[in-house]
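Taken together, the values in this text are just the output of simple stated rules run on the coordinates, not laboratory data. In this text the structure is predicted, and so the values were computed from the model without any measurement. As a convention, Cβ positions derive from the backbone with ideal geometry for all residues, glycine included, and neighbour counts pool all protein chains shown.
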Amino acid sequence: MRIYEVSAKRWTSGGDCGWELHVDGVGVTQVDDLGEAKQQARDFIETVTERSVESVDIEVLVEDPVR
């Protein structure tokens, strides 16, 4: 089974905030709620690679936790 590592980095801009998701070997996407990170990463990988990723594991590593 393939494992994709996703580095989640918190960002803020003015009153907005969210998470950058750096998907190893694929690219970068973003999400407002960290709880949606795995699904967003899965959708992003499928879009970029044009392959189904139902059988892959997504590992989200939070690099800058909320303080």
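Assorted remarks:
- Taking only the C-alpha atoms of the range 3-62, the Rg (one decimal) and the largest Cα-Cα distance, Dmax (whole number), read 11.4, 38 Å.
- Using the Karplus relation 6.51 cos²θ - 1.76 cosθ + 1.60 with θ = phi - 60°, the per-residue 3J(HN,Hα) values for the range 54-62 come to 4, 9, 9, 9, 10, 10, 9, 10, 7 Hz, with x marking Gly and Pro.
- Computed from Cα atoms, the angle from the helix 37-49 axis to the main principal axis of the chain rounds to 50 degrees.
- DSSP-loop trypsin sites (Lys or Arg not before Pro) across the range 1-58, with at most 10 other Cβ within 10 angstrom: R2, R51
- Taking the Cα centre of the chain as reference, the dipole from Cβ charges on Lys and Arg (+1) and Asp and Glu (-1) amounts to some 100 debye.
- For the chain, modelled as a GNM whose springs connect Cα atoms under 10 angstrom apart, the maximal fluctuation among V48, V31, V23 occurs at V48.
- Under the combined filter of DSSP loop state and at most 10 neighbouring Cβ atoms within 10 Å, the range 26-67 retains these GluC sites (Glu not before Pro): E50, E54.
- Most fluctuating residue given options G35, G25, G14, as computed from a GNM of the chain linking Cα atoms under 10 Å: G14
- Length added when fully stretched, C17-S52, from 0.36 nm per residue minus Cα-Cα: 9.6 nm
- Per-residue Cβ neighbour counts within 10 Å put T12, T47, T29 in the sequence T12, T47, T29, beginning with the fewest.
- In plain terms, the residue of I58, I45 with the fewest other Cβ atoms within 10 Å comes first and the most crowded comes last, giving I58, I45.
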